[in-house]
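Let me give you the structure first, and then I'll get to my questions.
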Amino acid sequence: MALQKRRRGPSLTRHQRSAWSKKSGENRPTVQACKSCGAPRVPHRICMACGTYGGETVVAKKQAAE
Ligand SMILES: [Zn+2]
């Protein structure tokens, strides 16, 4: 039986995240600064800027590889 890769595709995820910025107060999601690079990061998610999670590099970025 086929397994879905993710619940939502990239465009739907970005579309929803664009709506977060329009929210205010309690509905606004938590955004933390990444410990390694300082970029804004959603908690319990891999940092999209440097690819680290929990202090370890999980996803190797192309800039680091080259
Ligand atoms: Zn980072």
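The values are calculated or read from the model by the stated rules, or taken from the named source; none is laboratory data. Computed from a predicted structure; not experimentally measured. Quick reminder, even Gly has a Cβ in these numbers, built from the backbone with ideal geometry, and neighbours come from all protein chains shown. Areas reflect the complete protein model, heavy atoms only, side chains present, ligands, DNA and RNA absent. Shrake-Rupley method; radii C 1.70, N 1.55, O 1.52, S 1.80 Å.
Rounded to whole Hz and in sequence order, give me ³J(HN,Hα) for the range 45-55 from the Karplus expression 6.51 cos²θ - 1.76 cosθ + 1.60, θ = phi - 60°, writing x for Gly and Pro.
Result, ordered by residue: 10, 5, 5, 6, 7, 10, x, 9, 8, x, x Hz.
With a 1.4 Å probe and all protein chains kept in place, how much accessible area does R41 have, in Å² rounded to the nearest 10?
We get 40 Å² for R41.
Next question. Using a Förster distance of 22 angstrom, determine the FRET efficiency expected from the C-beta separation of A49 and S24, and round it to 0.05. List each step's numbers first, then the result.
On the way: r = 25 Å, r/R0 = 1.14.
Once the sixth-power term is evaluated, E becomes 0.30.
Now, a different point. Could you compute how much accessible surface R6 exposes when probed at 1.4 Å, giving the result in Å² to the nearest 10?
Rounded to the nearest 10, that gives 140 Å².
So what does V58 come to for accessible area, using a 1.4 Å probe and Å² rounded to 10?
90 Å²
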